[in-house]
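I'd like to ask you about the structure that follows.
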There are 4 protein chains.
Amino acid sequence: MEDSIIHFESDYMEGCHPKILEKIAQINFQKQVGYGQDDFCQSAKQKIKDTLGKFGKDAEVHFLVGGTQTNSTVISCVLKPWQGVVSAKSGHIAVHEAGAVEYTGHKVMEIGHKDGKIQAEELQEYLQTFKDDGNNTHMVEPGMVYISHPTEYGTLYSKNELQNISSVCKKYDIPLFLDGARLGYGLASFETDVTLQTIAEFCDVFYIGGTKVGAMFGEAVVITKKDLIPHFFTMIKQHGALLAKGFLLGVQFDTLFTDNLYFEISKNAIETAMYLKQKMLEKGYKLYLDSPTNQQFFIVENEKLKKWDNKVGFCFIEKYDSTHTVVRFATSWATKMDDVERLIENLE
Amino acid sequence: MEDSIIHFESDYMEGCHPKILEKIAQINFQKQVGYGQDDFCQSAKQKIKDTLGKFGKDAEVHFLVGGTQTNSTVISCVLKPWQGVVSAKSGHIAVHEAGAVEYTGHKVMEIGHKDGKIQAEELQEYLQTFKDDGNNTHMVEPGMVYISHPTEYGTLYSKNELQNISSVCKKYDIPLFLDGARLGYGLASFETDVTLQTIAEFCDVFYIGGTKVGAMFGEAVVITKKDLIPHFFTMIKQHGALLAKGFLLGVQFDTLFTDNLYFEISKNAIETAMYLKQKMLEKGYKLYLDSPTNQQFFIVENEKLKKWDNKVGFCFIEKYDSTHTVVRFATSWATKMDDVERLIENLE
Amino acid sequence: MEDSIIHFESDYMEGCHPKILEKIAQINFQKQVGYGQDDFCQSAKQKIKDTLGKFGKDAEVHFLVGGTQTNSTVISCVLKPWQGVVSAKSGHIAVHEAGAVEYTGHKVMEIGHKDGKIQAEELQEYLQTFKDDGNNTHMVEPGMVYISHPTEYGTLYSKNELQNISSVCKKYDIPLFLDGARLGYGLASFETDVTLQTIAEFCDVFYIGGTKVGAMFGEAVVITKKDLIPHFFTMIKQHGALLAKGFLLGVQFDTLFTDNLYFEISKNAIETAMYLKQKMLEKGYKLYLDSPTNQQFFIVENEKLKKWDNKVGFCFIEKYDSTHTVVRFATSWATKMDDVERLIENLE
Amino acid sequence: MEDSIIHFESDYMEGCHPKILEKIAQINFQKQVGYGQDDFCQSAKQKIKDTLGKFGKDAEVHFLVGGTQTNSTVISCVLKPWQGVVSAKSGHIAVHEAGAVEYTGHKVMEIGHKDGKIQAEELQEYLQTFKDDGNNTHMVEPGMVYISHPTEYGTLYSKNELQNISSVCKKYDIPLFLDGARLGYGLASFETDVTLQTIAEFCDVFYIGGTKVGAMFGEAVVITKKDLIPHFFTMIKQHGALLAKGFLLGVQFDTLFTDNLYFEISKNAIETAMYLKQKMLEKGYKLYLDSPTNQQFFIVENEKLKKWDNKVGFCFIEKYDSTHTVVRFATSWATKMDDVERLIENLE
């Protein structure tokens, strides 16, 4: 890519944390059995379960390759044929996965949101309305609730909010699934009271994102609800999501969950993002919303945006009005403070 | 069913028009070839095409059994794998078909509506926004527009509205599909400038509902856009929608399209519905919205509703507020004016 | 159709038994609730359950419209996502349903057969081989066994054969499904020890075919295994298989299961078929196989076949060799002995 | 894994070729755009196309992650909804992909084979029989032919055989797809007249396997038939097969197709396999069939097999008879001659 551009388009622009690369190189010629039956996968699974404390004791862990794949595989395996998955209208599965969930035969049932977050009250009313509807045998039954944390807008649920959503789900006996593609950055935020244990406590299934948080690729699905997905191994295979050299996933997560690496490297994304936010505000840029994580959203004049060309790499989010656009900058575990400085300078 | 109740729950409570029954009886022992290859189907198809005038000349007609079946079969056959169908949030396929479209692997892309009708301007903006989105290769492409006429709220598109929606569809090269489950009642309305020819002119595919308009069962799919659905016969079979004794569909539509029977019997539903509306208004009942067709929607106090029990059969639509409910009365080709009188009397 | 041709193409060439037509005419203007919630359906279900004796006590009965629809709906509702259905290579679902089962996402796992019948020993070995295979988590799990009775070749399982297949299925905990599209003709055969109760005893789910045995259309699904298919009503809707005027199915099966009508009218098909077989053999025609039911298969010289044109309606089955063809004659509840006589005369 | 065991279970037990690892390390912190829009992917695609000579000029190249994923994505994207894919009964898609193709709604139409290879004559007859069948509108249409090269038994098509199969496909206007999971080993065989250009000439779409031939993971799909798969990028996403850090695939294939690395490293697998075969034969072991590639199949007495435990890692293929088993040894680009020597010693 062109050197002259300062890249903040996304959080998956680098390879992986050097410790992972080192480990992969080290075992490169050690023969491993296929399909995740290797020792690295077993070790990584145990470490993840250990991190979850008492909530991890009976948990199952599975490694898949990417986020959309994980979402559609998990969702379609949990849902019964007559069910759909409830998601915020802004949810990744509702917008940016090319209909992968519908491809598996299930409706994404969109509800409202506040900065990307489902509201427990609205969810409660949605589920109750379905239950009360005399014609609901002609309708798709809500069979799962999908949330992302951080959300697509970088926002975070508080512990209390997660608990409330979980309570609503439990009341209607519906599993709660958390998409943690950027989970590390949520947990490392300066403004959260949510830990990985909180998530394991309140969610029936969730995944710990690797692709965007230090790994080359890989997402660790954690199932805390017993027997939630029978025959998951075969289902992963059927969905084309089973990596032959599964040990590559094992090695990566084993490394990430050794000495808190996953959590440690996530902090960098937050620190650089917060600095970026502060500097942008100082320069007079307007926040679209206030995100406490690695994705920062700004409302920028289209005229100004033109001047960024060939200098700054950002992500177009949406038209704000006829003269403004919402854009996103994303930091990551690999972002350097220097890059932020250069970005800010270039925006002058 | 209990005799004491006056039934206005739906428009599919009777068998069929006596002329159909008579014809079926008459040919009962004449041997026919299967799967719609019989002479009655050929004759019925020709009559329907003739009714469409110049717009029917190159049309294809196929007979299916029921509405949900027709919607999911047609929609899934028209859409490409990466596409979804745009529908009003209130559209039958979005709400009351148990996820039949999603079951075929496609997203129902919900947009706003006015009394059940898609607005051409909103549709235009929706399609343009998709086109402009830099990430749209990660999104479901709108591949078809679904409208119902009459809508689920009994409302009708004007000729001008149909033309505008059609223009938008053409601009984005997207087929327009009209669900005519109650088409007869739309065409027979006192307040419409839309004819069957109008529909054939502006829609690429639509169906003429039989089940609710005089037939025992059956929907006639008319494809006006050349080669829109290849191998449709095999697709109908694959979807479990091919009737072995297809001649039963042929006989019914042949009868309905002889001497304008379909149009003539539809008038009765309108006349009884308009009378019902007038009388209800005189009694002080409030319309939920003003429908010019056979479905009439009222806002009724819950207290009053209780008194209807065991006396009046109606359809629950939704909670209006904490003390009121929206209900529907449906007339049909078979409704007697006497029934309406009895209904009104019973409502005090 | 042309009068000069004597039709033996199939067993679904007539409308329905006159008693059914009479009953439909009688109730034509009695208003009924939709979707099979009517009294006729309830009555018909009870009568069918009564016919099954003790095996019907806890059975569920559902009415669908056609055979392919019933097969794909039932099979996809019973199978788990990682499973397929075992069928004879000649099974209707494997050959003539346009991939309707695969369309639902499941493999039809073909095994050998003897004149259309699965052999218990082969089935046992097939299931055991799967169980023993160390790689079977990468394979489709056999999740259901499909048999037809009569088979596609008109042949019948003996009670003993059914029991053996059932035992194998039970051993591997796999439900057994019997496609009874022509069940009446199987039960009415002169050479069977199988009754409807036998079938209810050995099968977990089966259907009693109406379309080919006296009804206009309709198949009665009987589920004897408790809770085999949850939310079946909604699933039927989702598959486009829910008839709005479900009472039409109720009336038909209620009539067929009153005074043994279903069984009585089936006998005619057998009597005419046996007479046809005898006369054909006397004329020197060769059986392809010996069928004890209403479908009769012959090996005919191609030269002779040409002379049948415009005189005799039959069904092409397959090329036998370069100079011979296998053809089928089908009788039905409506076939007249006179027709058979005329057929035989015309074959001279 | 236990050091005491000599591993010949499969050809995906190591990480990747050191040059790939080196390159990945080198660019680890160079920011890349996502989803395969990066320069490495462009370069790799061009190199692959260049290798194909004139047959690559108009080819499209796409990178996916794994084999089953590639098969089900490509096959379901090429097939029309009424079509199935023809495969040898022993084909990977027919046996070991957990029903991934059927999951996409399509039948795998199994035909016979000779040592894993489809026979052109049988294919021709199969396609012609379908075409001639008067009931074929009720049947799944063969819409693609799938072959693997090397096959699941390690065998190879000759150039002449490929040409014949291609001719049959062209005659019936059916695309030919070649699964090249182990393509490098096929091309490096001492007994083949097939080059990558041959494959590009005769196949409409094929993939060059990376996972088993030097890469960590990755398969390069080459589409030689113009416009065979529209919107493939979105389809890959929908199937969960789009890697966020697509540049990892680009880097790997760019390295493999620089200086003939892919072809060079494949030779090692052949040399070690041929040596292994020779030594096994000298020791008196019996071939199950004679494979010219990296998979070698032997018939071994069960008694002998027991002694291999904890000493030799092999792959169970199938029961041969009550006292013998078919087993497979697989070599790879990474196998050392020493390992073969140790294996042979251990088998004494």
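The values are calculated or read from the model by the stated rules, or taken from the named source; none is laboratory data. Keep in mind the model is a prediction, meaning the values are calculated, not measured. For neighbour counting, all protein chains shown are included, and Cβ atoms are generated from backbone atoms with ideal geometry for every residue, glycine included. Only protein heavy atoms, including side chains, enter the accessible area calculation; ligands, DNA and RNA are left aside. Shrake-Rupley method; radii C 1.70, N 1.55, O 1.52, S 1.80 Å.
In region D:30-58, which residue that is in contact with a Phe, Trp or Tyr (Cβ under 7 Å, 6 or more places away or on another chain) and within 13 Å of chain A (Cβ to nearest Cβ) is surrounded by the fewest Cβ atoms within 10 Å (Cβ to Cβ)?
The extreme case among them is D:34.
Still on this structure, I have one more. Given the conditions (1) away from chain D (no Cβ under 12 Å); (2) closer than 30 Å to residue C:288 by Cα; (3) touching a residue at least 40 places away in the same chain (Cβ under 8 Å); (4) assigned to a helix (DSSP H, G or I), and given that residue C:150 satisfies all but one, which numbered condition is not satisfied?
Here residue C:150 clears every test but (4).
A further question on this structure: Could you run through region B:276-313 and say how many residues are aromatic (Phe, Trp, Tyr) and open to solvent by 50 Å² or more (accessible area, probe 1.4 Å)? I'd like the intermediate steps shown before the answer.
Here is the first cut: in region B:276-313, the ones aromatic (Phe, Trp, Tyr) are B:285, B:288, B:297-298, B:308.
Remaining after also requiring open to solvent by 50 Å² or more (accessible area, probe 1.4 Å): B:288.
So the answer is 1.
Among (1) away from chain B (no Cβ under 11 Å); (2) open to solvent by 10 Å² or more (accessible area, probe 1.4 Å), where does residue C:88 come up short?
Result: residue C:88 fails condition (2) only.
Looking at region C:208-243, which of the residues that are small (Gly, Ala, Ser) and in a loop (DSSP other than H, G, I, E, B) is nearest to the chain's Cα centre (by Cα)? Quick ask: steps written out before the conclusion?
So in region C:208-243, the residues small (Gly, Ala, Ser) come out as C:209-210, C:214-215, C:218, C:220, C:240-241.
Cutting the leftovers down to in a loop (DSSP other than H, G, I, E, B) gives us C:210, C:214-215, C:218, C:240-241.
Working: C:210: 9, C:214: 13, C:215: 13, C:218: 12, C:240: 20, C:241: 17 Å.
Only one residue tops the list, namely C:210.
Another question, then. Do we have residue A:74 as within 13 Å of residue A:143 (Cβ to Cβ), within 12 Å of chain D (Cβ to nearest Cβ) and either buried (at least 23 other Cβ atoms within 10 Å of the Cβ) or touching a Phe, Trp or Tyr at 6+ places or on another chain (Cβ under 8 Å) (or both) here?
Working: within 13 Å of residue A:143 (Cβ to Cβ): yes; within 12 Å of chain D (Cβ to nearest Cβ): yes; either buried (at least 23 other Cβ atoms within 10 Å of the Cβ) or touching a Phe, Trp or Tyr at 6+ places or on another chain (Cβ under 8 Å) (or both): yes.
For residue A:74, the condition - within 13 Å of residue A:143 (Cβ to Cβ), within 12 Å of chain D (Cβ to nearest Cβ) and either buried (at least 23 other Cβ atoms within 10 Å of the Cβ) or touching a Phe, Trp or Tyr at 6+ places or on another chain (Cβ under 8 Å) (or both) - is met.
Can you tell me which residue is nearest to residue B:235 (Cα to Cα) among those in region D:161-176 that are open to solvent by 30 Å² or more (accessible area, probe 1.4 Å) and touching a residue at least 12 places away in the same chain (Cβ under 8 Å)?
Looking only at region D:161-176, we keep the residues that are open to solvent by 30 Å² or more (accessible area, probe 1.4 Å), and these are D:161, D:163-164, D:167, D:170-173.
Within this subset, residues satisfying the condition of being touching a residue at least 12 places away in the same chain (Cβ under 8 Å) are D:161, D:163-164, D:167, D:171-172.
Details: D:161: 34, D:163: 33, D:164: 32, D:167: 29, D:171: 24, D:172: 21 Å.
Per the stated criteria, the residue is D:172.
Of these, C:277, C:319, which one is basic (Lys, Arg) and either within 30 Å of residue C:104 (Cα to Cα) or over 23 Å from the mean Cα position of the chain (by Cα) (or both)?
On the way: C:277 fails: either within 30 Å of residue C:104 (Cα to Cα) or over 23 Å from the mean Cα position of the chain (by Cα) (or both).
Selected residue: C:319, the only one of C:277, C:319 that is basic (Lys, Arg) and either within 30 Å of residue C:104 (Cα to Cα) or over 23 Å from the mean Cα position of the chain (by Cα) (or both).
Count, please, the residues in region C:134-146 that happen to be facing chain D (nearest Cβ under 8 Å) and either assigned to a strand (DSSP E or B) or within 24 Å of residue C:204 (Cβ to Cβ) (or both).
2
Somewhere in region A:12-29, is a residue among the charged types (D, E, K, R) and either surrounded by 24 or more Cβ atoms within 10 Å (Cβ to Cβ) or at the interface with chain D (Cβ under 10 Å from one of its Cβ atoms) (or both)? I'd like the intermediate steps shown before the answer.
Looking only at region A:12-29, we keep the residues that are among the charged types (D, E, K, R), and these are A:14, A:19, A:22-23.
Going one step further and asking which of them are either surrounded by 24 or more Cβ atoms within 10 Å (Cβ to Cβ) or at the interface with chain D (Cβ under 10 Å from one of its Cβ atoms) (or both), we end up with A:14, A:22.
Checked region A:12-29: at least one residue is among the charged types (D, E, K, R) and either surrounded by 24 or more Cβ atoms within 10 Å (Cβ to Cβ) or at the interface with chain D (Cβ under 10 Å from one of its Cβ atoms) (or both).
Still on this structure, I have one more. Just to check your reading of the model, which residue among B:131, B:80 is within 18 Å of residue D:234 (Cβ to Cβ), open to solvent by 30 Å² or more (accessible area, probe 1.4 Å) and outside any loop (DSSP other than H, G, I, E, B)? Spell out the reasoning first.
Details: B:80 fails: outside any loop (DSSP other than H, G, I, E, B).
One residue alone meets the criteria, B:131.
Also: Just to be sure I understand, how many residues within region A:108-120 are closer than 17 Å to residue A:155 by Cβ and not in a loop (DSSP other than H, G, I, E, B)? Steps first, please.
Within region A:108-120, the subset closer than 17 Å to residue A:155 by Cβ is A:111-120.
Narrowing further to those that are not in a loop (DSSP other than H, G, I, E, B): A:111, A:114, A:117, A:120.
Qualifying residue count, region A:108-120: 4.
Same structure again: Looking only at region A:1-28, count every residue that is out of contact with any strand residue (DSSP E or B) (no Cβ under 8 Å at 6 or more places or on another chain) and assigned to a loop (DSSP other than H, G, I, E, B) and tell me the total. Don't jump to the end; show me each part of the working.
As a first pass, look at region A:1-28 and keep what is out of contact with any strand residue (DSSP E or B) (no Cβ under 8 Å at 6 or more places or on another chain): A:2-4, A:12, A:14-28.
Remaining after also requiring assigned to a loop (DSSP other than H, G, I, E, B): A:2-4, A:12, A:14-17, A:27-28.
Number satisfying all stated conditions: 10.
Sticking with this structure for a sec: Looking at region D:29-77, which of its residues are among the hydroxyl-bearing types (Ser, Thr, Tyr) and either part of a helix (DSSP H, G or I) or under 20 Å from residue D:225 (Cα atoms) (or both)?
Step one: of region D:29-77, the residues among the hydroxyl-bearing types (Ser, Thr, Tyr) are D:35, D:43, D:51, D:68, D:70, D:72-73, D:76.
Answer for region D:29-77, where residues must be among the hydroxyl-bearing types (Ser, Thr, Tyr) and either part of a helix (DSSP H, G or I) or under 20 Å from residue D:225 (Cα atoms) (or both): D:43, D:51, D:68, D:70, D:72, D:73, D:76.
If you check D:47, D:107, D:54, which single one turns out to be more than 30 Å from residue B:232 (Cβ to Cβ), touching an Asp or Glu at 6+ places or on another chain (Cβ under 8 Å) and among the charged types (D, E, K, R)? Explain how you work it out, then say what you get.
Numbers: D:107 fails: more than 30 Å from residue B:232 (Cβ to Cβ); D:54 fails: touching an Asp or Glu at 6+ places or on another chain (Cβ under 8 Å).
Within the list D:47, D:107, D:54, the selection yields D:47.
Does residue C:319 satisfy the condition of being open to solvent by 70 Å² or more (accessible area, probe 1.4 Å) and within 14 Å of another protein chain (Cβ to nearest Cβ)?
On the way: open to solvent by 70 Å² or more (accessible area, probe 1.4 Å): yes; within 14 Å of another protein chain (Cβ to nearest Cβ): yes.
When the stated conditions are applied, residue C:319 passes them.
I've got another one for you. Limited to region D:177-223, what total is found for residues that are more than 14 Å from chain A (Cβ to nearest Cβ), closer than 21 Å to residue D:21 by Cα and open to solvent by 10 Å² or more (accessible area, probe 1.4 Å)?
0
Suppose the filter is within 14 Å of another protein chain (Cβ to nearest Cβ) and open to solvent by less than 10 Å² (accessible area, probe 1.4 Å); does residue A:256 pass it? First the steps, then the outcome.
Details: within 14 Å of another protein chain (Cβ to nearest Cβ): no; open to solvent by less than 10 Å² (accessible area, probe 1.4 Å): yes.
Taking the combined requirement at face value, the residue does not satisfy it.
Something else about it: Taking helices (runs of 4 or more DSSP H) that fall entirely within region D:244-321, which contain at least 1 residues that are under 14 Å from residue D:185 (Cβ atoms) and in contact (Cβ under 8 Å) with a residue 40 or more places away in the chain? Spell out how you get there, then give the answer.
Working: elements: D:247-256, D:261-282, D:302-308.
Answer list for region D:244-321: D:247-256, D:261-282.
Checking residue A:238 against (1) open to solvent by less than 20 Å² (accessible area, probe 1.4 Å); (2) in contact with a Pro (Cβ under 9 Å, 6 or more places away or on another chain); (3) under 22 Å from residue A:192 (Cα atoms), only one condition comes out false. Which one?
(3)
Checking residue D:102 against (1) within 14 Å of chain A (Cβ to nearest Cβ); (2) free of Cβ contacts under 8 Å to residues at least 60 places away in the same chain; (3) more than 24 Å from residue B:240 (Cβ to Cβ); (4) not in a loop (DSSP other than H, G, I, E, B), which test does it fail?
Evaluating residue D:102 over (1) within 14 Å of chain A (Cβ to nearest Cβ); (2) free of Cβ contacts under 8 Å to residues at least 60 places away in the same chain; (3) more than 24 Å from residue B:240 (Cβ to Cβ); (4) not in a loop (DSSP other than H, G, I, E, B) leaves (3) as the failure.
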